[in-house]
Amino acid sequence: METVQKMEYTKNDIEETKSGENKIEGRNAVLEAFRSGKTIDKLYVLDGCQDGPVKTITREAKKHDTIIQYVAKERLDQISETGKHQGVVAISAAYAYTDIEDILKKAEEKGEPPFLVFLDGIEDPHNLGAVIRTANQAGAHGVVIPKRRAVGLTAAVAKTSAGAINYTPVAKVTNISTTINELKKRGMWFVCADMEGTLMYDVDLTGPIGLVIGSEGSGVSSLVKKNCDMTAAIPMKGEIDSLNASVAAGVLAYEIVRQRMKKG
């Protein structure tokens, strides 16, 4: 399936292109990266470039369902560290992704009901890194993120996770809602963070569960929320009405831990 975007640049785009740690530039280097099986989160291509080598690269990108963004030469020059991009710059993942089946197998091997953290559109790499770190400490079996409009496993994410990224697997899925519905058929329950939801202490968070945390700005999308079984609100006593996404994930993750310990 072709994944092509022409869009305005998000905070994620700016963050991931600041450092050269995970950039691959030039036609041969990018093509070999795809053919070697390296995980590429995004491919930037010079808009209007249709020559043979670039078509070969975009064809490889489509095979791997990599997000492709066609950008103006000025933007590509800005992204490039070497100045020799030849019309293509790839952003590779700092760490490899896993898949949902491997995460579920990990839970089964431990003899524990699955506990997954789903992130619906987190764009800040520091938030993602912090969530991975918290998920590790709370005993979650893995983290699930969407392929589009969300930060991937960049070097900044790895650093913020404080090493947890080496132990807590991260799966990248095409559609969060579809994945949730598939896992519900297999016996999992899903709860999403929502200020208007039921007080978290009154929600049964034991058993096989997926915790869904929304984006920094708009929270959990309406479609994802609709597909969740429950909503949970964190009690807040201050003057502001929201928590940072990674903090909210931590509070709810440890309520799951508390309820599991009390039950077990």
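Conditions tested, residue by residue: (1) over 24 Å from the mean Cα position of the chain (by Cα); (2) among the acidic types (Asp, Glu); (3) within 21 Å of residue 156 (Cα to Cα).
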| site | (1), (2), (3) |
| --- | --- |
| 46 | yes, no, no |
| 51 | yes, yes, no |
| 63 | no, no, no |
| 69 | no, no, no |
| 85 | yes, no, no |
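Cβ-Cβ distances below 6 Å connect the following pairs, each with a first residue in segment 208-227 that is within 14 Å of residue 150 (Cβ to Cβ) and in a helix (DSSP H, G or I), a second residue that is open to solvent by less than 80 Å² (accessible area, probe 1.4 Å) and not hydrophobic (A, V, I, L, M, F, W, C), and a separation of six or more residues or different chains: 224/120; 224/177.
May I ask you to list the residues in segment 79-93 that are closer than 9 Å to residue 26 by Cβ and open to solvent by 10 Å² or more (accessible area, probe 1.4 Å)? Answer for segment 79-93, where residues must be closer than 9 Å to residue 26 by Cβ and open to solvent by 10 Å² or more (accessible area, probe 1.4 Å): 82, 84, 85, 86.
Would you point out the residue of segment 148-176, among those that are in a loop (DSSP other than H, G, I, E, B) and hydrophobic (A, V, I, L, M, F, W, C), that is most open to solvent (accessible area, probe 1.4 Å)? Residue satisfying both the conditions and the ranking: 162. Picking from residues in segment 185-202 that are of a type in the set (Phe, Trp, Tyr) and in a strand (DSSP E or B), the one that is surrounded by the fewest Cβ atoms within 10 Å (Cβ to Cβ) is 189.
Annotation note: of 255, 182, the sole residue that is part of a helix (DSSP H, G or I), of a type in the set (Asp, Glu) and surrounded by fewer than 17 Cβ atoms within 10 Å (Cβ to Cβ) is 182.
The values are calculated or read from the model by the stated rules, or taken from the named source; none is laboratory data. Owing to the predicted nature of the structure, the values given are computational and were not obtained by experimental measurement. Here the Cβ is made from the backbone with ideal geometry for all residues, glycine too, and neighbour counts use every protein chain on show. Keep in mind that these areas ignore ligands, DNA and RNA; they rest on the heavy atoms of the full protein, side chains included. Shrake-Rupley method; radii C 1.70, N 1.55, O 1.52, S 1.80 Å.
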